[in-house]
Structures are given as structure tokens and as C-alpha cells.
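The values are calculated or read from the model by the stated rules, or taken from the named source; none is laboratory data. Remember, predicted model here, so these are calculated numbers, not experimental data. Cβ atoms come from the backbone with ideal geometry, glycine included; neighbour counts cover every protein chain shown.
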Amino acid sequence: MAILIDSSKRVLVQGITGREGRARARLMKEYGSQVVAGVTPGKGGQDVDGVPVFDTVQEAVETVGDLDISVLFIPAPLVKNAALEAYASGVKLLVIIPDRVPIYDVLEIAEAAKESDARFIGPNTLGVLSPGKAVVGMIGGRAASAKSWFFPGPVGITSRSGGITSSMAYYLAQEGIGATTLVHVGGDAVVGTPHPDVLKLFEKDPETRAIVMFGEIGGSQEEQVADLIENGEVTKPVIAFIGGKAAKSGTRFSHAGAIIEGSRGTYDGKVKRLKEVDAVVVDAFGDLPRMTKLTLEKHGIKL
């Protein structure tokens, strides 16, 4: 199995006629994702590499049928209306690629998701990839690269950094460790599906036997993960690396959401809390593959 996406999910691309939308739709199709429609207002009637383009999401649904996922490659100021339109048309998962989406817009999207019993990944995400099944977004860059770098296995990967998401999967693969799903939760201060929610999904997935997490300073996602482990809501082994060790208070580390404010979201606090609940926390990113392999062996998990 996999979480969030697989080859059976029907995918819409909002903003498909733009440069990024066009290129990433090709990536998704070539990898094996079911990209069945695109939307760009005013461009209805066109097609992009065989994918029909519609003016609205509702028109797409009426023509091609129900849609499971929409990937948004559109300017940040337009994201809210596009997201609400997708939810109103029955889409249950949005992957919001742009960064700098206004925070109040994100909060409105979150409320709409709750009302629609839906969810979203991002904003500021590279997306989600389930090796051998499907990709939504832009992980891997090209289908050939994604197919050669990542392969199925027992580890779920969740990350607050897009580049690190791919890097973790790549270096784990070099150690012979495959993955069930790679999730880039997004780098903004408020995201739709943060680490704790992703870990809950991995906990329910029978093929995910262990979880590798890249965390960062700022916010409380990693502390919430520790709470889940402490409460018995996550029982699978967790191996983590926390970025931003050298950052000072008030300094943003790479992403909008990675900033220490006073005593909140510090590197030491996150590491301490995760270690208290027996998560494996590595000091150096390069140690992740080795420690993941040792953890899998310790728990009798076959590669």
C-alpha cells in the first residue's frame, strides 16, 4: 500500500497551461500517475500532451468524471479561490505547490478542507511520491530520475524540506532501503498536513514498518510527533534528523516556517523531546541511512 496517492487516483492539474504546470504534468504522466484533466480559466478546449484543459474544475468533473487529487501550479494570490473551487467540486486532496500563499488564505483553505472532509499538502511543497505507483507534484524532477532513484520498501519518509525529501530517499536507496511514500509536508509556517498527521497515516499503513523524518527548528510539529509516540498513537520506529542546529533566535533557517521565536521551536528542545520517547535522533544528516538500517535490523524488519 501507500499513503495519500497511488496509481488508481485520478489527478487534476490546476494551472496546467503554464510552464511549470505543463512540465510537471508530463512528469506525473510519465511516472504513472493518472492525470486526466487540467484547468486554466480562459484556456478551455486546449490540451496539454493529450490532457484536456477546461475553464473550471466543475466542467472538468462533468466531462471526465470524479477527480481525487488536484495539484496547484498557480500564482500564490490565486491559490485560495482555486482550492475552494476544487473542494466545491468534490476533490478530496489538494497538493499546493506555490510558496508565499497568504496565511489567512491558508486558514480559509484549512476550514474549507475540514468542512469538505478533505485535506491538503503544502503550501510550499514539492508534493508526494509513492515509489512504483504515482507522483503528484514535482519530486524527482523527471520521471526517469524518479524511477531510478526511488524504489518500494518498508520506510515512510516525511520532510519539511523539498530537497531533503528526495535526498533522504536517494541515500536510503543507496543503502538498499526502499520507501512506501515520500511526503514533503511543505516549508511554510502553516501547512495542511504536518508531520503528526503524516505519521498517523503511516501508522495505519501495513506496508510502512518504520518512519524517517526530517524536522527543522520552528513550530511544534516534531514535539507533537513525540507526543503521539508517548501516547501510543505511533508505535512504529521513528528515525529523525533535525535541521537548524546553529540557528539563533529570530533567524529563519531556509523556510518560512523554520524560525526560532524566543524559546519556542528550538533545536535542543525538539531533539530532547524526541529522545525522551525513544525516537532515534541522528546528529548528522549523513548518519540517517546507517541508523535507519540498524533500526530496521533491531526490529526484525526486512528490506
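Below, the figures for the structure above:
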| item | result |
| --- | --- |
| Every residue from the stretch 182-209 that is under 18 Å from residue 295 (Cβ atoms) and either surrounded by fewer than 23 Cβ atoms within 10 Å (Cβ to Cβ) or without any contact (Cβ under 8 Å) to a residue 12 or more places away in the chain (or both) | 203, 205, 207, 209 |
| Among the residues listed as 63, 17, 56, the single one being in contact with a helix residue (DSSP H, G or I) (Cβ under 9 Å, 6 or more places away or on another chain), surrounded by fewer than 22 Cβ atoms within 10 Å (Cβ to Cβ) and not assigned by TED's automatic domain parsing to the domain that holds residue 204 | 56 |
| Residue within the stretch 274-284 that is at pLDDT below 90, surrounded by 13 or more Cβ atoms within 10 Å (Cβ to Cβ), more than 19 Å from residue 159 (Cβ to Cβ) and more than 24 Å from the chain's Cα centre (by Cα) present | no |
| All helices (runs of 4 or more DSSP H) inside the stretch 1-100 with 3 or more residues being over 21 Å from the mean Cα position of the chain (by Cα) | 57-64, 79-88 |
| Residue match in the stretch 191-202 (condition: at positive phi, touching a Lys or Arg at 6+ places or on another chain (Cβ under 9 Å) and in a loop (DSSP other than H, G, I, E, B)) | no |
